[in-house]
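Enquirer: Before we start, here is the structure in question, set down as structure tokens.
The values are calculated or read from the model by the stated rules, or taken from the named source; none is laboratory data. None of the values given here were measured: they were computed from a predicted structure. Quick reminder, even Gly has a Cβ in these numbers, built from the backbone with ideal geometry, and neighbours come from all protein chains shown. Calculation scope for accessible area: heavy atoms of the full protein, side chains included, ligands and nucleic acids excluded. Shrake-Rupley method; radii C 1.70, N 1.55, O 1.52, S 1.80 Å.
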Amino acid sequence: MSLKSSLAIAAGKSSYWFLHTFLKGGSSLPGIITNKIDPTILTTLARDYEVVIITGTNGKTLTTALTVKVLHEQYPDILTNPTGSNMVQGITTAFLTHQRTKSGKKLAVLEVDEANVVLITKYIKPTAFVLTNIFRDQMDRYGELYTTYQKILDGIANAPEATIIANGDAPIFHSRKLPNPFIFYGFDHEPDDELMAPYNTDGVLCPVCHHILHYKALVYSNLGKYYCPNCGFKRPELTYRLTQLTQQTPTSSSFEIDGHPFKIQIGGTYNIYNALAAYAVGRYFGITQPQIQHAIDADQKVFGRQEIIQVEDKAVTLILVKNPVGLNQVLDMIALDQEPFSLVTLLNANYADGIDTSWIWDADFESLTHLPIPRFIAGGEREKDIAFRLKIAGVPEAKLVKKPELDDVITEIKVLPTKHVYVLATYTAVLQLRKKLDEKGYQTAPMAK
């Protein structure tokens, strides 16, 4: 190890110690300091690790958490970035602070921001990439779907021997010929039909001939068993398949993978894809089906992902939302709830959220008007925007409360007419709300360090 690397690591670890001892946290600054001193430090830190990079628009954090649980069934020493700090500085901090064991395979399972894949693979050559999906998201940062995918491909190009474990139901992941070996996972639980994606769905043009794709089965958005009736382009053969969707509630899903039963303690069809991805990674690393079943079936709560916080007599379910496809999936999920609930929507427009909030107009808020929701709260830094969107969707003024300040939102939650409350919030709004709740003595789950 060079003197520069040693100095960089010492400075990074010292800053981490100070931040966590006196300021109760900080996952980016230690990495920033370390990389400033030695821009190539990840090469040194990641030496001897087999690295799995998990990237895509939706599902990175839960897929990473589930994958770590699966791999822990055989491998005790796994480095990861559980706080979701998924850019270069956060990943550097994860390596800096990991306590290595002296024996056994060293694995790193890293959630990586799409635009940071190329920055990471410049210094780290992963064993595998996991690609979850690509939807329109933070267009001020990523651009359109194929622009986002190109950012990921630029990173994959630095590791042409790495295995790509991809969502086979996403046409974009089958759109480019790459030298890498592929493993595909997806849904295969329904008989073939003849379907078209909804009229406003992105990513449904055939990458070969640019005709509109058709579907034999459609899961949601552009995901499913697609084919092109013009040129024959179609979904690849799946290595791992969801073979039965048994039951779904707002808080759990039961299903079968390759004929074996599984249950996850979190709702949403989109989260079944995350479990499928973790299953595929586990099998790639030699984890047995019973071991994977044991890991996935265990209760799994992740920051901002259906986290339940008790506020007086209200059970508040906090859900991160950040783009139209993800929000629509959440709306479909909460519509399954058999108990009455109120709905809070918190919209911010900071860099981490995406400064362009026009995406809320592509989400199906109109579906809410068919549900017996007695009270809505619109809040956050862009409260006026989300309140106006709800009004246009058909939410009656008499049911809509507007509270831009989070202190007032929390006060209003306490007097809502239902015991159950869903809070749909963008990333920085999640952070801000959790901090406010902690300050007021309402216990949130500690974020993993």
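Enquirer: Bin all alpha-carbon pair distances of segment 230-269 at 10 Å intervals from 0 and give each bin's fraction as a whole percent.
Expert: Reading the bins upward from 0: 28, 38, 22, 12, 1.
Enquirer: Pull out a ≥ b ≥ c, the square roots of the eigenvalues of the alpha-carbon gyration tensor of segment 5-84, then state rounded if a/c is under 1.5, prolate if not and a/b is larger than b/c, and oblate in the remaining case.
Expert: It is prolate, given that a/c is not under 1.5 and a/b is the larger ratio.
Enquirer: Rounded to the nearest 20 Debye, what is the dipole magnitude of segment 18-112 about its Cα centre when Lys and Arg each give +1 and Asp and Glu each give -1 at the C-beta?
Expert: 140
Enquirer: Shifting gears a bit: Please name which of GLY224, ASN274, PHE262 has its Cα lying farthest along the dipole of segment 222-277 towards the positive end, using unit charges on Cβ (Lys, Arg +1; Asp, Glu -1) and the Cα centre as origin.
Expert: Towards the positive end, the residue furthest out is GLY224.
Enquirer: Now, a different point. With the Cα gyration tensor of segment 260-361 in hand, give its eigenvalues times 5 under a square root as the equivalent ellipsoid semi-axes, listed largest first in whole angstrom.
Expert: 29, 19, 13
Enquirer: Where does the chain land at 222 nm, in deg cm²/dmol rounded to the nearest 500, when only DSSP H runs of n ≥ 4 count, each adding -39500 (n - 2.57), divided by all residues?
Expert: It lands at -9500 deg cm²/dmol.
Enquirer: Considering the options HIS189, ALA128, ASN35, tell which one lies farthest towards the positive end of the dipole of the chain, charges being +1 on Lys and Arg and -1 on Asp and Glu at the Cβ, about the Cα centre.
Expert: Of the options given, the answer is ASN35.
Enquirer: Relative contact order (percent) for the chain, with alpha-carbon contacts under 8 angstrom and 6 or more residues of separation?
Expert: Relative contact order comes out at 12 percent.
Enquirer: Highest mean first, how do 127-135, 229-237 rank when packing is the count of other Cβ atoms within 10 Å averaged over residues?
Expert: Going by the mean number of other Cβ atoms within 10 Å, highest first, we get 127-135, 229-237.
Enquirer: While we're on this one: Just to compare against my own numbers: the Cα pair-distance distribution for segment 311-449, 5 Å bins, whole % per bin, please.
Expert: With a bin width of 5 Å, the distribution comes to 2, 10, 22, 26, 22, 13, 5, 1, 0.
Enquirer: Also, I was wondering about something else. Cα centroids of segment 79-139 and segment 234-287: how far apart, whole angstrom?
Expert: Going from one Cα centre to the other spans 23 Å.
Enquirer: Which semi-axes, in whole Å and largest first, does the equivalent ellipsoid of segment 332-412 have when worked out from the alpha carbon gyration tensor as the square roots of 5 times its eigenvalues?
Expert: Whole-Å semi-axes of the equivalent ellipsoid: 20, 16, 12.
Enquirer: Sticking with this structure for a sec: Please tell me which of these pairs span more than 24 angstrom C-alpha to C-alpha: LYS225/LYS322; LYS234/LYS263; LYS399/LYS435; LYS60/LYS122; LYS69/LYS122; LYS60/LYS391?
Expert: LYS225/LYS322; LYS234/LYS263; LYS399/LYS435; LYS69/LYS122; LYS60/LYS391
Enquirer: Dipole magnitude of segment 190-338 about its Cα centre, charges +1 at Lys/Arg Cβ and -1 at Asp/Glu Cβ only, in debye to the nearest 20?
Expert: It comes to approximately 420 debye.
Enquirer: Moving to a separate point now. Excluding ALA387 itself, calculate the net charge of residues whose Cβ lies under 15 Å from the Cβ of ALA387, where each Lys or Arg counts +1 and each Asp or Glu counts -1.
Expert: +1
Enquirer: Related question: Could you tell me the relative contact order of segment 273-367? Use alpha-carbon pairs under 8 Å, at least six residues apart, and round to a whole percent.
Expert: The value is 20 percent.
Enquirer: Restricting things to Cα coordinates, could you compute the convex hull volume per residue of segment 74-153 in Å³?
Expert: Convex hull of Cα atoms, per residue: 111 Å³.
Enquirer: Starting from the exponent 0.38 and prefactor 2.2 Å, build the expected Rg for segment 148-210 from its residue count and divide its actual Cα Rg by it.
Expert: My calculation over the Cα atoms of segment 148-210 gives 1.31.
Enquirer: With a/c under 1.5 counting as rounded, go ahead and sort the chain into rounded, prolate or oblate using the C-alpha gyration tensor (a ≥ b ≥ c being the square roots of the eigenvalues; past the cut-off, prolate if a/b is larger than b/c, else oblate).
Expert: oblate
Enquirer: Please report, for the Cα atoms of segment 1-47, the Rg to one decimal and the Dmax as a whole number; what are they, in angstrom?
Expert: That works out to 10.7, 31 Å for Rg and Dmax.
Enquirer: Restricting attention to segment 1-109, which trypsin sites (Lys or Arg not before Pro) occupy a DSSP loop and are surrounded by at most 12 other Cβ atoms within 10 Å?
Expert: LYS24, ARG47, ARG100, LYS102
Enquirer: Placing +1 on the Cβ of each Lys and Arg and -1 on the Cβ of each Asp and Glu in segment 215-339, which of THR246, ASN323, GLN338 has its Cα farthest towards the positive end of the resulting dipole?
Expert: ASN323
Enquirer: Could you run the Debye sum over the Cα atoms of segment 223-318, one equal point scatterer each and no solvent, and tell me log10 of I(q)/I(0) at q = 0.10, 0.14, 0.25 Å⁻¹, two decimals?
Expert: Once normalised to I(0) and log-transformed, intensities are -0.36, -0.62, -1.31.
Enquirer: Counting only C-alpha contacts under 8 Å and six or more residues apart, can you give the relative contact order of segment 142-296 as a whole percent?
Expert: This gives 18 percent for segment 142-296.
Enquirer: So what does GLU439 come to for accessible area, using a 1.4 Å probe and Å² rounded to 10?
Expert: Estimated to the nearest 10 Å², GLU439 gives 120 Å².
Enquirer: Can you give me the orientation-averaged projected area of the convex hull built on the Cα atoms of segment 118-182, in nm²?
Expert: 4.2
Enquirer: Name the aspartates and glutamates eligible as straight-distance cross-link partners of LYS216: C-alpha to C-alpha under 17 Å, and not fewer than 8 places from it in the same chain.
Expert: Hits, sequence-local ones excluded: ASP169, ASP188, GLU190, ASP192, ASP193, GLU194, GLU237.
Enquirer: In segment 303-386, which GluC sites (Glu not before Pro) are in a loop and have at most 15 other Cβ atoms within 10 Å, using DSSP for the loop call?
Expert: Taking segment 303-386 and a limit of 15 other Cβ atoms within 10 Å, the loop GluC sites (Glu not before Pro) found are GLU312.
Enquirer: For segment 190-240, restrict the atom set to alpha-carbon positions and state the Rg and Dmax in Å.
Expert: When restricted to the Cα atoms of segment 190-240, Rg and Dmax are 10.4, 30 Å.
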